[in-house]
1. When only residues in region 69-92 that are basic (K, R) and open to solvent by 90 Å² or more (accessible area, probe 1.4 Å) count, which is nearest to L51 (Cα to Cα)?
2. If you go through region 97-134, how many residues are closer than 16 Å to R24 by Cβ and either open to solvent by less than 40 Å² (accessible area, probe 1.4 Å) or small (G, A, S) (or both)?
3. Could you please tell me which pairs satisfy a Cβ distance under 6 Å, a separation of 6+ or placement on different chains, a first residue in region 33-52 that is closer than 15 Å to G82 by Cα, and a second residue that is open to solvent by less than 20 Å² (accessible area, probe 1.4 Å) and in a helix (DSSP H, G or I)?
4. Go through region 44-96 residue by residue and tally those that are more than 27 Å from R24 (Cα to Cα) and part of a helix (DSSP H, G or I).
5. Would you please name the residue that is farthest from W123 (Cα to Cα), looking only at residues in region 7-21 that are open to solvent by less than 90 Å² (accessible area, probe 1.4 Å) and assigned to a helix (DSSP H, G or I)?
6. Since M148 meets every condition but one in (1) in a helix (DSSP H, G or I); (2) open to solvent by 90 Å² or more (accessible area, probe 1.4 Å); (3) farther than 30 Å from S35 by Cβ, which condition does it not meet?
7. Which of the following residues is among the polar types (S, T, N, Q) and touching a helix residue (DSSP H, G or I) at 6+ places or on another chain (Cβ under 6 Å): S35, S15, S8?
Amino acid sequence: MEHIHIWSGLPWWASVVGAGFLIRLSLLKLMMGASNNAAIMHNLKPKTRPLNERVMYLMKKGDNVGALQAREELSALRKEHGVQTWKTFAPLIQAPLGYGVFRTVYGMAALPVPGLANESVLWLTDLTVGDPYYVLPVLSSYLLYYSMKVCLHHYIAGGLILT
């Protein structure tokens, strides 16, 4: 963030936002691949569900050879359509990166970085202290709630949740 601040001449708050933007931009290809993979898996669900049920049935019955064959069919189907299992977990890379950015900004406020105490943006007059009106925590909580609500609505409407 210091490099962005110094090289671009942006204020500290814009440097923090810019660093977040650059991180998201660097993850864009990975996230698009994960989204594409999820869409393919969703479209394959009518074909994979019977195979998964057959694997479970054969495992309960104790037929390990039959279950292995069913798993091979499932794997071949996924491979035929370009599904890569590791891409399902690719969005999890955001968690350590987000935590790292949080720790960095928190550390910058604790040092303090000289420019942070002197800069202001909107109603925040000192960037080393928390939001005095709690606008940002309430806004971020609401946006998280709303996005989870929309996501859950789409999953239910898409028939992804079994009832």
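1. Here the answer is R71.
2. Looking only at that region, the number is 2.
3. Within 6 Å, the pairs are A34/A90.
4. 35
5. Filtering region 7-21 for residues open to solvent by less than 90 Å² (accessible area, probe 1.4 Å) gives 8-12, 14-16, 18-20.
Filter again for assigned to a helix (DSSP H, G or I), leaving 8, 12, 14-16, 18-20.
Working: S8: 24, W12: 15, A14: 15, S15: 18, V16: 17, G18: 20, A19: 22, G20: 21 Å.
Looking at residues that are open to solvent by less than 90 Å² (accessible area, probe 1.4 Å) and assigned to a helix (DSSP H, G or I), I get S8.
6. In the conditions (1) in a helix (DSSP H, G or I); (2) open to solvent by 90 Å² or more (accessible area, probe 1.4 Å); (3) farther than 30 Å from S35 by Cβ, M148 misses (3) alone.
7. Working: S35 fails: touching a helix residue (DSSP H, G or I) at 6+ places or on another chain (Cβ under 6 Å); S8 fails: touching a helix residue (DSSP H, G or I) at 6+ places or on another chain (Cβ under 6 Å).
That would be S15, the only listed residue that is among the polar types (S, T, N, Q) and touching a helix residue (DSSP H, G or I) at 6+ places or on another chain (Cβ under 6 Å).
The values are calculated or read from the model by the stated rules, or taken from the named source; none is laboratory data. Since the model is a prediction, treat every value here as computed from it, not as a measurement. Virtual Cβ from ideal backbone geometry, glycine too; neighbours counted across all protein chains shown. Just the protein is used for accessible areas: all its heavy atoms, side chains included, with ligands, DNA and RNA removed. Shrake-Rupley method; radii C 1.70, N 1.55, O 1.52, S 1.80 Å.
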